[in-house]
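None of the figures in this text is laboratory data; all of them are computed from the coordinates on show. The shown structure was predicted, so the numbers you read here are calculated from the model rather than taken from an experiment. Here Cβ is always computed from backbone atoms with ideal geometry, including for glycine, and neighbour counts include all displayed protein chains.
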Amino acid sequence: MNIGFNLTGSAVRILAIICILLILPAPASAMHISEGILPAPWAIGWFALAGIFLFWGLRRIKIESRLQPEYKPFISLVGAAVFIISCMPIPVPMVGTCSHPCGTGLAAVLIGPGPTVVLASVALTFQALFLAHGGLTTLGANILSMGVAGALAGYAAFQMARRLGLNVAAAAFLAGLAADWSTYAATALIMAGALHGDGSFFAMAKVILLAFVPTQLPLGILEGIITAGAYRFVINRRPQLLQGKMEMGGAA
Amino acid sequence: MCLEFDLFSDFFARRENFLQRLDCRLKLVIALAGTGAVLASSQPVFPVLIFGPAVVGLLLLRLPANMVMRRYLPVLGMALALLALHGFMFGSHPIFTIPLGPCCLTLFADGLRHGVVAAVRLLTAFTVLLLLGVVTPAHDLFRALAWLRLPRQWVEIAMMTYRYIFVLLDDAADIAAAQKIRLGYVGPRRGLASLSVLAGSVLIRALDQSRRTHEAMIARAYTQELPFAPMPVLSVKSMAATVFFLIIIAAFYWVCEGRMLI
């Protein structure tokens, strides 16, 4: 099959707008790759890759649990809190609709990237089974985009910001922003890999990224603000609570 | 403020019906086999044959139309996006061209065919997953996942997280209601500030609750591992039903795709 690439730059943009309009009724679940989108070989491949990171996260939890007996209840509760936070509707100004934060940036700052991968896999399983967001066969891909890319980017941004001397609120803002944007970038690349067929991977990735831009650029900034606000609220109200938990593998 | 997970699908899993009575392990195996076969299909016929009975199953369960619509809307949008992406971007046999000022969009027959397969696969796999969610209680699914040899730590964390989502949700709903009556969500700036406070408050409650939970667990002889009740022996009836469903799936696949599933 030849690639029908008689599309000009503006046509690609128009197509991206069409896609946005089609996806608009449900921007809230746009971050999760839906059940059935990935062909079987891709789904298996992403599962295998995500499995490596899950193994790493579970190993971190095992080590921490030996040192701190209350670690498992602690991260379970953080998981529940982040799940609730990730379901809070955020109004996205440019398209007049609501979306929701990833929450992985906040989790990575609190408990570190390894356990965050595990919590993201738990949250994604709940969303697939009980909320019909994402899917079981796309779980591996979703763990990679939200759990791995989001957590690592958020954690790295927070650490770098702190080393550059920024205060915790600014560092948490960057963590939320980086986690959100990297999640969507990874989602776009994974989807492009599975959907480009015989056509160009880069063209498909460009279209999907363009489709994400109007909602996800402002959403990333809003997620950064909420991450910073929540983190600062906890630091101001109950610093000792966070300080004790940070010794268990968090970022601060 | 309306939290999105106000209606977990497994809320409906308590209703008495044939699918609900089927062993959770077998339901999981059938759903995974069905979804795997749908993903491996290269024509739209097989996914449609699975989609039909799955939709009938959903209709027989008499789920609230509002919930079903909310679940389907994003997936329908995604299916249409797949059709548009494949139809307009890839292919060599043009059907028609839409002139758009200096450029044009051409719809290709072969691209559209690829799009239809992708969209039908998406809708079918989603429907199977939705059906699984509404006929299987959460704790049964966790036990089935443990039976499938998922890491025990992962299942433990998932079970505890699931339990405390609803505890924290009550707190979050109370705080959100209090914020709302104090005009906390009037205007985007105040709304964002209120959301941040809400998120921070939920975190504080979670951290407090984790300490209390651990103490309560120690009082109940918790030794770093949650005990799991043994799974019941699979009944002959359940096994027979599962084999029947798997044979149906394999036969449909063979007829539609002209090759064996494995």
Is the shape of segment A:34-246 rounded, prolate or oblate, going by the alpha carbon gyration tensor and its root eigenvalues a ≥ b ≥ c, with a/c under 1.5 for rounded and a/b larger than b/c for prolate? oblate
Charge dipole (debye, nearest 20) of segment A:34-246; +1 at Cβ of Lys and Arg, -1 at Cβ of Asp and Glu: 780 debye
Average projection area in nm² (convex hull over Cα atoms of segment B:9-137, one quarter of hull surface): 9.1 nm²
Give me the distance in nm between label points sitting 7 Å out from Cα along the Cα-to-Cβ direction at B:Arg182 and B:Gln43, one decimal. 6.4 nm
Which of B:Cys256, A:Cys102, B:Cys103, B:Cys24 has the fewest other C-beta atoms within 10 Å, and how do the rest follow up to the most? B:Cys103, B:Cys256, B:Cys24, A:Cys102
When A:Ile235, A:Ile75 are arranged by how many other beta-carbons sit within 10 Å of their Cβ, fewest first, they go A:Ile235, A:Ile75
Lysines near A:Lys62 by alpha-carbon distance under 21 Å, same-chain residues fewer than 8 away left out - which ones? A:Lys72, A:Lys245
Order of B:Phe126, A:Phe173 under a 10 Å beta carbon neighbour criterion, fewest first: A:Phe173, B:Phe126
Rounded to the nearest 500, the 222 nm mean residue ellipticity computed for chain B from DSSP H runs (n ≥ 4, each -39500 (n - 2.57)) alone is -24000 deg cm²/dmol
Taking every eigenvalue of the Cα gyration tensor of the protein assembly as shown, multiplying by 5 and rooting it, what semi-axes result, largest first, whole Å? 36, 30, 20
Within segment A:181-209, whose backbone N sits under 17 Å from a point 7 Å along Cα→Cβ of A:Ile44? A:194
Label-to-label distance, nm, for residues given as B:Leu234 and B:Ala65 (7 Å Cα→Cβ offset): 4.0 nm
Can you give the local net charge around B:Ser92? Use residues other than it whose beta-carbon is closer than 11 angstrom to its beta-carbon, Lys and Arg +1, Asp and Glu -1. -2
Distance in nm between pseudo-label sites at A:Phe202 and B:Arg15 (7 Å out along the Cβ direction from Cα): 5.2 nm
